[in-house]
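Values in this text are rule-based calculations from the coordinates and carry no lab data. All values derive from a computational prediction rather than experimental measurement. We place every Cβ from the backbone using ideal geometry, glycine too, and count neighbours over all the protein chains shown.
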Amino acid sequence: MTALSVVIPAYNEEGGIEAIARRVLAVRDDLAKVGVELAELLVVDDGSRDRTAEIASAIPGVTLIRHPKNKGYGGALKTGFGAAKGDLIGFLDADGTYPPEYFPQLCAKAMNGTDLVIGSRMAGAESHMPPMRRLGNFFFANLLSLISNQKVTDSASGMRVFKREALARLYPLPDGLNLTPVMSTRAIHEGIRVAEVAIPYSERVGRSKLSVVRDGYIFLQSIVWTALAYNPVSILGKIGLVGVGLALLAAAWLVVARLSGDTTLGPLEVGGLFAGLMAGFIGVSVFSLGVTFNYLVSLFYKQPVRQGLFGKPIFKTPLDRHFGWAGLLAAVAGLIMGAVSLALSLSGWDVTRLWLYLVGSAMLTLVGVQLVIYWILLRVLEELSQREVLSQRDLEIA
């Protein structure tokens, strides 16, 4: 029979710790029906200044672990993970918001080929979550879905079950409340099999310790920076594509205006034109930077380069391999356009008829040179990363 260890982090939760602990212990029979034995219930008192530890220690079936000083939500959970003995490790909050009665469902899915099962408060079950927190969770879940190209409905849920062997791949994890979004982000990028089970969400017992603004900002940082450590182009590349798209829209607008007979630009039109040009240049820069970071990640992690804006490569040949000839073509086209414009101006053409072509010439030339520089840099990084991977394989064979 599979064994489950449940960890409850508790900090000043004297009002709710007994009720939630007894609810966890009461779910033993339902766990047995799906082939799971409740091996232990670990309550980690995180330096509470109230009667939390006293109450928890008096409950039969509870193993109490105490922190002399507060280490944070994530710190308390990691202490529990380290002490857990079960094949499966689950956790939930001490405030009564999460339903331990759903542990059998989470465990059943974990034993059916899933490494990490998340109890989703956003997947359709009854929820008493405050509107602002619901909005925040919706935002973070969709941000992670966009970044990782995998649908997630609740990236920050505090009720989960995962296999013990997955823990090494989930670490390192932070000590704060941002442990859960970081765990979700790392799990997806590590290729850990993740699934969700819809759960109801109740009003908490006692006062919430979560600050919507402060912790929301930390959650945002945690998701983005963790994802950047795995596949930077997934974030930076998409930002770059937006910039390039805006530049193409500006160019299309100019073509349409010219075909419609409009040959003059007012102040707003000129401002829009330069905004489009800047967006295009910045977009190419950010996209190229994302690709470069992917090579650096490969170099540091000693693994093959993982590219792909949307989880897997779109083209058979990676796009960055075309940077060299595309950059040369753009630079040559820009220089030719500039030379022709200069020749026309010297032959008597009014500069007001040529300034736009000169701006376009500068744009093409700069982007072209930039692409060539990145192409050279990426080929060097590719060579270095391949050497590292081959050296690692040789060492493993030896």
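Values for this structure:
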read-out	value
Leu92 long-range amide H proximity, modeled H, under 5 Å	Val7
The chain: angle of helix 179-189 to the longest principal axis, Cα-based, in degrees nearest 10	60 degrees
Helix-derived mean residue ellipticity, 222 nm - over the chain, DSSP H n ≥ 4, -39500 (n - 2.57), to 500	-18500 deg cm²/dmol
Projected area averaged over orientations for the range 2-228, convex hull of C-alpha atoms, nm²	10.9 nm²
Compactness of the range 31-120 as Cα Rg over 2.2 N^0.38 Å, two decimals	1.15
Between 0 and 90°, nearest 10: helix 267-301 axis offset from the chain longest Cα axis	50 degrees
Extension gain (nm, one decimal) between Phe139 and Arg22, 0.36 nm per residue minus Cα-Cα	38.7 nm
GNM flexibility winner over the chain from Phe140, Phe274, Phe81 (Cα, springs under 10 Å)	Phe274
Among Ser48, Ser361, Ser347, residue whose mean-square fluctuation peaks in a GNM of the chain (springs only between Cα atoms under 10 Å)	Ser347
Average projection area in nm² (convex hull over Cα atoms of the chain, one quarter of hull surface)	26.1 nm²
Segment Leu344-Ile239, extension gain: residue separation times 0.36 nm, minus the distance between their alpha carbons	34.0 nm
Calculated FRET value between Met132 and Arg193, using beta carbons and R₀ = 25 Å, to 0.05	0.20
Cβ-Cβ FRET estimate between Glu54 and Tyr171, R0 fixed at 41 Å, reported to 0.05	0.80
Top of Gly82, Gly327, Gly276 by mean-square fluctuation, Gaussian network on the chain, Cα under 10 Å	Gly82
